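Step one of this worksheet: look at the structure below.
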Amino acid sequence: MVTSRDVDRKTDTTQTDHSIKSGFTSIEDFDDQLDLDSQMSNSETWSVMVRGLKLVRYAKGLFVAKWGMRLFYSITLLFFPWFFKVITDHVLLGTPLVVEEVNFPPHFEPILAVFEGMTRMDMMLVMTITFVFLLVLIGTRAEGTGASLYQGQDNASRAENAISSGGSGAGGIFGIIEFWIDVRLTQRIVNGVRRHLFSRLIRSKMTTLDDQRTGDRLYRVLYDTPMLYTCVTEMTYAPFFLVWGLLTTLYNIWFTYGHLTEAIYMVLCALMFPLVAIVSLPLSKYIRTVTQNQRAAGAATTNAMEETLDNMSAVQSLGGMKKETEKFAQRSAHSYWRDRLQIIVWVGIGMVISVAEWPLGFFMAWLITNQVIEGHMTVGDFGALFLMYMGLRGTFSGIGRVWINLQDQAAAARRVFYFIDYPNEDDQQSPEGKTVTSISEGISIRNVSFRYPDGREALKDVELDIAMNEVLAIVGPTGSGKTSLAYLIPSFIQPTEGRVEVDGTDLLELDMDAWRDMTTYVFQEHLLFSESIRSNLANANPDATDDEIMDALETAGCMEFIHELPDGIDTVLGKSGDTLSVGQQQRISIARGLVRNSKILILDEPTAALDPQTENVLVESLKRISENRIVIVIAHRLSTIRRADKIAFLEDGKIRDYGNHDELMANEASPYRAFVELQST
């Protein structure tokens with residue numbers, strides 16, 4: 001599903017104006033920077049659909065139960081037309097019932113044996129009791145059981161219906177039970193797919209997270225995954241029961257009327273299949289394209305809303321409210337336009353299929369009427385045979401619609417499978433990864449180079465040893481590769497060339513979860529949850545005691561402002577911690593990193609928003625806690641850098657200098673010294 005071109009290519013395809021291309025034949029990129037090749041062939045559609053069958057693994061028992069109940073109900077339908085014939089011919093019209101002289105299929109003969117010799121009233125009484133029993137048990141054929149939301153054509157309400165609705169062709173007690181099984185089956189399969197996709201997305205590489213919009217991820221998880229349940233039904237239930245219905249109806253016609261009509265009815269019925277095929281097959285590509293564009297447009301609308309709301313402070317500070325509103329309105333209107341295109345296609349398909357089928361129906365009615373007039377058939381035969389024709393019409397129409405429905409669902413399934421297949425961190429680690437519980441020697445970076453997917457080279461032939469019990473400062477001008485170098489340690493990114501080792505073992509040979517448990521990365525951006533301060537720290541270490549939480553807050557210099565908060569450490573923060581100042585957010589983030597008590601602590605610009613007094617306290621604390629661990633600090637402030645045990649100075653992705661502050665400043669040719677002096681001017 002994922003090609004090297006997709007991985008290596010990073011193109012700005014953002015379309016704020018969404019210039020409209022041909023709505024039926026072309027694929028638009030919208031905001032996608034990764035999922036660019038979204039056009040599908042018929043063979044790729046089959047591949048996606050067959051893969052969807054494997055989703056049955058999430059609810060095997062419910063799947064079998066649903067299958068069995070539907071099969072039982074379909075068997076009861078074999079008898080329905082013939083009860084109608086008995087009532088019409090032998091109860092209402094009073095024709096004597098002699099088994100040897102009437103035309104009924106073999107499976108109905110045991111019932112005829114019961115009716116033979118009965119009076120008209122006795123037959124009516126038996127059938128009435130039977131119908132009442134069946135009414136309570138399975139309802140009427142046209143009744144069915146189901147529940148769903150009132151919905152339009154938008155994917156949001158369609159997705160909710162796909163998750164929470166169910167159905168049964170039967171009514172009564174049987175229909176209620178099957179309906180409940182169907183709902184549970186749907187929800188279990190969709191929940192399994194959602195969980196799997198979400199687990200893949202949260203393990204995406206940093207470079208993937210940079211390229212994929214958050215709104216698109218939300219859309220795929222919430223609105224694309226529910227459609228995969230239809231892959232299961234359209235590939236299993238629908239084909240089987242359509243063919244089953246076709247065979248049983250043809251069986252009824254053949255054994256009952258074949259000798260009278262010379263199978264003309266079967267021939268006429270069979271003509272519906274090529275008619276439906278001629279209508280449905282050529283439309284496959286158009287359905288896939290329209291559905292793909294509709295979903296991509298919906299995701300683009302979600303992107304616009306998510307990005308604007310997430311950056312509301314920037315929007316308001318730049319006076320961009322009107323521009324962002326227009327941008328969202330334009331995306332939303334384009335999404336609606338795509339919805340209307342899809343409706344037009346579906347309405348057109350329904351009309352064409354009906355136009356192809358109904359003339360045959362009228363011709364069939366004319367032929368049967370003639371047979372009744374000529375005395376070759378009874379009035380009851382007319383009703384029974386025409387009901388069977390309508391069943392065949394629905395079957396052949398259903399066969400065509402199954403293929404069309406598959407095209408509709410294939411676009412959603414492809415969007416889900418794309419990111420399930422997309423390479424992430426799990427794919428790069430050894431299947432038998434080693435579990436590391438301690439570090440004795442340190443970390444070694446050997447001849448490491450790193451290029452981003454767009455071709456930018458961030459690191460070049462980096463050689464660095466980081467020993468235990470020391471504080472390392474990574475220093476350099478903007479764009480020198482400091483963050484890329486720090487990302488190598490927790491394996492947020494993997495080297496394009498070279499190795500990163502811990503105690504001589506390549507990180508790619510380790511169990512990633514175990515290694516991440518040993519590392520803590522405090523980002524420059526303050527990523528706080530909208531929870532209490534206590535909960536924010538507990539998220540980092542659920543086993544932390546109150547004393548450990550308070551010690552981490554004290555070390556990070558948080559207690560001086562926490563005492564002033566109304567609920568202390570139980571104060572609930574606003575979105576991303578915005579109810580605190582930037583400096584306070586930074587200190588909470590540092591405290592959250594400290595409470596993990598991991599062997600490796602990486603802090604990106606930890607003192608950037610701190611006053612000198614708080615900075616001194618924090619740096620001294622970092623020196624103290626570096627015993628039996630590694631502390632890495634990315635910093636610009638000289639007051640922070642000079643107290644580090646070692647300094648790695650980066651420039652243009654290469655380590656140009658290495659040593660402590662005094663050693664490097666004593667060297668007149670030191671690039672680090674030149675950098676410091678430039679910063680001081």
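Descriptive notes on the structure:
- For the chain, DSSP calls about 55 percent of its internal beta bridges antiparallel.
- Estimated [θ] at 222 nm from DSSP helical runs (n ≥ 4, -39500 (n - 2.57)) normalised by residues in the chain, nearest 500: -18000 deg cm²/dmol
- Cα point-scatterer Debye curve for the stretch 366-472, base-10 log of I(q)/I(0) at q = 0.23 Å⁻¹: -1.22
- Inter-label distance, nm, simple model (7 Å from Cα along the C-beta direction), Ala674/Asp662: 2.6
- Taking the charge dipole of the chain about its Cα centre, with +1 at Lys and Arg Cβ atoms and -1 at Asp and Glu Cβ atoms, the residue from Ala538, Thr119, Ser47 reaching farthest to the positive side is Thr119.
- For the stretch 493-559, alpha-carbon Rg over 2.2 N^0.38 Å: 1.47
- Viscosity 1.002 mPa s, 20 °C: Kirkwood-radius Stokes-Einstein D of the stretch 617-658 over Cα pairs, µm²/s: 187
- Here the calculated FRET efficiency for Glu548 and Gln524, from their Cβ-Cβ distance with R0 = 25 Å, stands at 0.50, rounded to the nearest 0.05.
- All aspartates and glutamates inside 14 Å of Lys327 as judged from Cα atoms, apart from same-chain residues fewer than 8 positions distant: Asp17, Asp31, Glu306, Glu307
- The residue list Ala329, Ala413, Leu246 was ranked by how far each Cα lies along the charge dipole of the chain toward its positive end, using unit charges on Cβ atoms, and Leu246 comes out on top.
- In the stretch 589-681, the C-alpha radius of gyration followed by the widest Cα-Cα span (Dmax) gives 13.9, 41 angstrom.
- Translational diffusion of the chain, estimated by Stokes-Einstein from the Kirkwood radius over alpha carbon pairs at 4 °C in a medium of 1.567 mPa s, is 42 µm² per second.
- Dipole magnitude (debye, nearest 20) for the chain, charges at Cβ of Lys, Arg, Asp, Glu: 1900
- Dipole of the chain [Lys/Arg +1, Asp/Glu -1 at C-beta], most positive-end residue of Ile590, Asn628, Ala556: Ile590
- Share, in percent, of DSSP beta bridges within the stretch 442-680 that are antiparallel, nearest 5: 55
- With R₀ set to 30 Å, the beta-carbon distance separating Leu367 from Met127 gives a calculated FRET efficiency near 0.55.
- In Hz, Karplus ³J(HN,Hα) per residue of the stretch 544-554 (6.51, -1.76, 1.60; θ = phi - 60°; x = Gly, Pro): 5, 7, 4, 5, 5, 5, 5, 5, 5, 5, 5
- Placing unit charges on the Cβ atoms only, positive for Lys and Arg and negative for Asp and Glu, gives the stretch 442-680 a dipole magnitude near 500 debye about its Cα centre.
- When Rg and the Kirkwood Rh are both derived from Cα coordinates, the Rg/Rh ratio for the stretch 546-603 amounts to 0.96.
- Of every Cα-Cα pair in the stretch 442-680, the percent that sits beyond 29 Å: 30
- Converting phi to 3J(HN,Hα) with the Karplus coefficients 6.51, -1.76 and 1.60 and the offset θ = phi - 60°, the stretch 505-514 yields 9, 4, 4, 5, 8, 9, 6, 4, 4, 5 Hz in sequence order, with x at every glycine or proline.
- Per residue, the convex hull volume that the Cα atoms of the stretch 475-521 enclose (Å³): 94
- Reciprocal mean inverse distance between Cα atoms of the stretch 449-510 - Kirkwood radius, Å: 12.6
- Residues Thr478 and Ser41, FRET efficiency given R0 of 35 Å [Cβ-Cβ distance, rounded to 0.05]: 0.15
- Segment Phe240-Leu137, extension gain: residue separation times 0.36 nm, minus the distance between their alpha carbons: 34.7 nm
- Model label sites at Asn628 and Trp358, defined 7 Å from Cα along the beta-carbon direction, differ in position by 8.4 nm.
- Distance (nanometres) between label positions extended 7 Å along Cα→Cβ at Val99 and Phe255: 1.4
- Relative to the current alpha-carbon distance between Thr579 and Glu109, full extension at 0.36 nm per residue lengthens the span by 161.2 nm.
- When each of the peptides 362-371, 80-89 is scored by how many other beta carbons lie within 10 Å of its residues on average, the order from highest to lowest is 80-89, 362-371.
- The stretch 364-424 has equivalent-ellipsoid semi-axes of 49, 8, 5 Å, by the square roots of 5 times the alpha carbon gyration tensor eigenvalues, sorted largest first.
Only the coordinates and a few stated rules stand behind these numbers; no lab work does. Just so it is clear, the model here is predicted, and its values are computed rather than measured. All Cβ positions, glycine included, derive from the backbone under ideal geometry; neighbour counts span all protein chains shown.
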